[in-house]
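Some notes on the structure that comes next.
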Amino acid sequence: MQAGLVQCPLCRRVDAVQKVSAIMAGSETYRLYIKNGSVPVSPDEASPAHQFGQVTLSEQLAFPEQHYGALTLLFLAFGAVLTPITAVMSWFAYQAAHQHPTTEHIASMNMDIFMLVCCLIIATILFLMRARRLARERPKRDRAWTIWNTLYYCHRDDTVFAAENPRIMAKANNMRALLGY
């Protein structure tokens, strides 16, 4: 075996092993094995049986995207939608109360200002909760990124593994479990 080549822990071969980050950089889709090696094949050239239900290799081996949950959606709803709408409504209520100072206009203005303050408080709380959650996930994501950068992929066995530790190994579709993220 030549120095510098990584051997697959399952098939013990080096000819179908490639670093995961290199696969991502090349955006490979499928590989066709021939007698003297393998060649990349675009999804258009692959048979319909191979195209149905398969994701590209690059998508399968990509580093997992960051999770965006309900806190993000609520923050966007309050911070980007409800707060500006309420601010515009408050401005119009202020203008109406200023031009016609009746008790109804003043009550409407007060209610709109109260709603604006509530939206701002809720958006701030949601932003702080989201920031705290992201700060808690940061070490986990950094650890997963470090592991992902050391992974290799064997095209022959559809296996992802770490070269320095053969016990860190999983099928490509279970890579998220391997990363713990």
If you take the residues of the range 159-177 that are surrounded by 14 or more Cβ atoms within 10 Å (Cβ to Cβ) and of a type outside the set (Val, Ile, Thr), which of them is farthest from Asp15 (Cα to Cα)? Met175
For residues that are surrounded by 13 or more Cβ atoms within 10 Å (Cβ to Cβ) and not acidic (Asp, Glu), tally how many sit in the range 93-116. 13
For the range 157-181, what are the residues that are free of Cβ contacts under 8 Å to residues at least 40 places away in the same chain and aliphatic (A, V, I, L, M)? Ala162, Ile168, Ala170, Ala177, Leu178
Here are some residues: Phe52, Phe63. Which one is of a type in the set (A, V, I, L, M, F, W, C), within 30 Å of Met24 (Cα to Cα) and modelled with pLDDT under 75? Phe52
Checked Ile122, Ile113, Ile85 against criteria (touching a Phe, Trp or Tyr at 6+ places or on another chain (Cβ under 7 Å) and at pLDDT 85 or above); the one match is Ile122
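The values are calculated or read from the model by the stated rules, or taken from the named source; none is laboratory data. Since this is a predicted model, take the numbers as computed values, not measurements. Here the Cβ is made from the backbone with ideal geometry for all residues, glycine too, and neighbour counts use every protein chain on show.
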